[in-house]
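> Before anything else, here's the structure in question.
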Amino acid sequence: MKVKTLVGVATMAGALLTTGMPVQAQTIDGPSVSWNLSTWGTKRAFTAGVEYVAAQVSEKTGGKFNIKIHYGEALSKARENFDGIKIGAFQAAMYCNFYHPGKNPASMVLTMPFLPLGDLEVSMHVREAVMAHPAYVKDMDNWNAMTYMSALLPQYEFMGRGKPPQNLEDWKGLRVRAGGGLGTAMGKLGATLTTVPAPEVYTGVERGTMDAASFPYTYSHASYKLPEVSDWFTSNMSPGTTECGTVFNKDAYAKLPDQYKKLLMDLKAPAYKVQIKAYHDIDEKNLPAFRAKLKEVVYTDAQLDELRKIAAKPVWDEWVAANKDKFDAQGLLDLVMAEAKKAAKK
């Protein structure tokens with residue numbers, strides 16, 4: 001038996017002798033508080049982080065602080081969660097920035113194609129830095145919202161029906177679901193764009209009103225049952241990601257006692273670990289299932305280099321030019337690159 005284990009046993013034994021019962025975590029005392037959190041879809045890897053937080057706040061306060069998660073747009077449409085937060089219809093909500101780019105323009109920097117956000121630990125570090133940027137905070141203030149944590153969306157890939165786009169030219173004319181900078185990138189390949197909310201994608205592909213959809217790989221494709229109506233998927237395109245996360249109504253947060261505020265902030269780090277593990281675990285399940293049923297499209301290094309040449313820096317430059325008079329767009333993009341480089345060295 002290892003020394004560490006012996007020490008742990010001795011410590012526990014001492015506690016049992018002293019108290020007559022196992023040591024338990026001290027309950028955080030406070031008033032009874034009930035929050036509602038609005039989201040869409042079902043319970044899935046995307047919601048693992050907030051589900052962990054909700055479970056922990058209830059456990060650690062002895063049931064006095066509860067966050068009830070409402071799935072399936074039960075409280076609000078996905079595109080209207082900021083509106084609900086602003087008027088205090090609910091205390092917390094999840095959002096995706098490309099559903100409403102005009103409501104959160106600064107956050108759209110995280111939709112730029114081919115940013116160095118493939119590693120989820122690096123992605124977490126970068127997103128936290130961006131969420132603290134004054135332009136980002138100002139956008140949230142407009143909706144009486146404060147950002148709590150990111151959902152750390154993995155890199156996107158496409159899944160679709162019909163002829164697989166095995167060459168870059170094959171994207172021309174395809175009707176694809178892609179938003180933000182990723183949408184702009186696909187537009188440069190000649191694709192026709194749509195940004196319908198995730199719950200509407202299955203029907204669109206099934207009925208043939210869209211040919212393919214980009215989703216965080218792999219959890220979201222499976223969550224929305226896209227493999228059921230698809231013929232192929234890309235696995236190494238990694239064109240980019242977006243920003244989805246959880247926000248709180250500022251007034252509701254301000255009314256919390258200090259011990260509840262501290263608890264929420266202390267839970268962020270372990271919640272991020274839960275979120276990352278959920279994505280890794282679901283990939284191990286989904287990838288074999290995808291490969292057994294669908295055609296896997298794998299691009300060559302030369303094709304990927306050409307794609308980046310067409311749709312990486314040119315899209316970044318266009319975004320900066322379009323937003324430079326509204327906020328520090330170049331500063332935000334520079335922040336992403338600097339923080340990604342810093343995090344990658346850790």
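No lab work stands behind these numbers, since they all come straight from the coordinates. All values derive from a computational prediction rather than experimental measurement. Note: ideal-geometry Cβ built from the backbone for every residue, glycine included; neighbour counts use all protein chains shown.
> In nm, give the distance between the simple-model label positions of Q303 and K285, each being 7 Å from the Cα along the Cα-to-Cβ direction.
3.0
> Let me ask something else. When the Cα centres of segment 69-111 and segment 130-203 are compared, how far apart do they sit, in Å?
15
> Taking a quarter of the surface of the Cα convex hull of segment 81-212, what do you get in nm²? Write down the numbers at each step before the final one.
Values: hull surface 35.2 nm².
Projected area, direction-averaged: 8.8 nm².
> Just want to confirm a number: the relative contact order over the chain, from Cα pairs under 8 angstrom separated by 6+ residues, in percent. Don't jump to the answer; show the numbers that get you there.
Values: 604 pairs, mean separation 82.2, N = 346.
RCO, the chain: 24 percent.
> Could you tell me which of A212, N286, Q259 has its Cα farthest along the dipole of segment 190-346 towards the positive end, charges placed at Cβ (Lys, Arg +1; Asp, Glu -1), taken about the Cα centre?
Looking along the dipole axis, the top candidate is Q259.
> Another question, if that's okay. Among W40, A55, I87, which residue has its Cα positioned farthest towards the positive end of the charge dipole of the chain, with +1 placed on the Cβ of Lys and Arg, -1 on the Cβ of Asp and Glu, and the dipole taken about the Cα centre?
A55
> Could you pull the Rg and Dmax for segment 258-330, using just the Cα atoms, both in Å?
For segment 258-330, the Cα-based Rg and Dmax read 20.6, 55 Å.
> Rounded to a whole number of µm²/s, how large is the Stokes-Einstein D of segment 150-265 at 10 °C and 1.306 mPa s, given Rh as the Kirkwood radius over C-alpha pairs? Present the calculation step by step, with values, prior to reporting the outcome.
Values: Rh = 15.6 Å.
Here the translational diffusion coefficient equals 102 µm²/s.
> Let me ask something else about it. Assuming R0 = 56 Å, can you tell me the calculated FRET efficiency for the pair S34 and L168, based on Cβ-Cβ distance, to the nearest 0.05? Don't skip to the end; give the middle numbers.
Numbers: r = 52 Å, r/R0 = 0.92.
E between S34 and L168, to the nearest 0.05, is 0.60.
> Let me ask you something else. With labels modelled as points extended 7 Å from the Cα through the Cβ direction, what inter-label distance (nm, one decimal) is found for K324 paired with A55?
4.9
> So what is Rg over Rh here for segment 33-94, counting just Cα atoms and using Kirkwood for Rh? Present the calculation step by step, with values, prior to reporting the outcome.
Details: Rg = 11.6 Å, Rh = 11.8 Å.
Computed over Cα atoms, the ratio is 0.98.
> Next question, about the same structure. Take the Cα atoms of the chain, find their three principal axes, and give me the spread along each one in whole Å, biggest first.
73, 51, 42
> At each listed q (0.34 Å⁻¹), what is the log10 of I(q)/I(0) that the Debye formula gives for segment 189-231 modelled as equal alpha-carbon point scatterers?
-1.41
> Be a star and scan segment 119-140 for residues whose amide nitrogen sits under 20 Å from the point 7 Å along the Cα-to-Cβ vector of K345.
119-130
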